[in-house]
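Remarks on the structure that follows.
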Amino acid sequence: MSYLTELTRSVVLGDPLEVDIDADGDNAARYITGANLKRVKVNSALRLSGDRNPKKKTKSLDNTHLVTGLIYGLVNVRADGKRILCATMNKKTAIGDP
């Protein structure tokens with residue numbers, strides 16, 4: 001019996017440094033940085049595996065991580081009935097990076 005390879009995915013996390021707001025389209029820069037990120041609230045819908053309905057969540061941007069890209073890798077598992085061999089290969093470049 002053997003087990004075939006499986007494609008896996010992980011994410012690249014980033015930390016918010018500043019929020020640039022151009023609410024009126026007038027190109028006047030409005031920045032929120034540092035400790036003021038605590039005052040910026042983000043509403044989101046959290047859907048875990050198997051959930052039918054998302055759960056609503058509100059969180060401030062301070063101490064929050066952002067998903068900035070996806071990393072695809074390969075997990076290769078082989079078994080011969082007595083032994084299991086497992087190897088991984090991860091790509092360093094994330095999808096969405098320049």
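The values are calculated or read from the model by the stated rules, or taken from the named source; none is laboratory data. Here the structure is a predicted model, which means the values were calculated and not measured. Positions of Cβ are generated from backbone atoms using ideal geometry, with glycine treated the same way; all protein chains shown enter the neighbour counts. All accessible areas refer to the heavy atoms of the entire protein, side chains included, with ligands and DNA or RNA removed. Shrake-Rupley method; radii C 1.70, N 1.55, O 1.52, S 1.80 Å.
Please specify each residue of the stretch 30-54 satisfying the condition of being out of contact with any Pro (no Cβ under 8 Å at 6 or more places or on another chain) and farther than 24 Å from VAL19 by Cβ.
If the condition is that a residue be out of contact with any Pro (no Cβ under 8 Å at 6 or more places or on another chain) and farther than 24 Å from VAL19 by Cβ, then LEU48, SER49, GLY50, ASP51, ARG52, ASN53 are the ones that fit.
Of all residues in the stretch 47-70, count the ones that are of a type in the set (A, V, I, L, M, F, W, C) and either open to solvent by less than 70 Å² (accessible area, probe 1.4 Å) or touching a Phe, Trp or Tyr at 6+ places or on another chain (Cβ under 9 Å) (or both).
Looking only at that region, the number is 2.
If the requirement is being at pLDDT below 85 and over 24 Å from GLY14 (Cβ atoms), which of these qualifies: ALA94, ALA87?
Testing whether each residue is at pLDDT below 85 and over 24 Å from GLY14 (Cβ atoms) leaves just ALA87.
Identify the single condition in (1) of a type outside the set (A, V, I, L, M); (2) more than 17 Å from the chain's Cα centre (by Cα); (3) modelled with pLDDT of 80 or more that ASP26 does not satisfy, given that it satisfies every other one.
Result: ASP26 fails condition (3) only.
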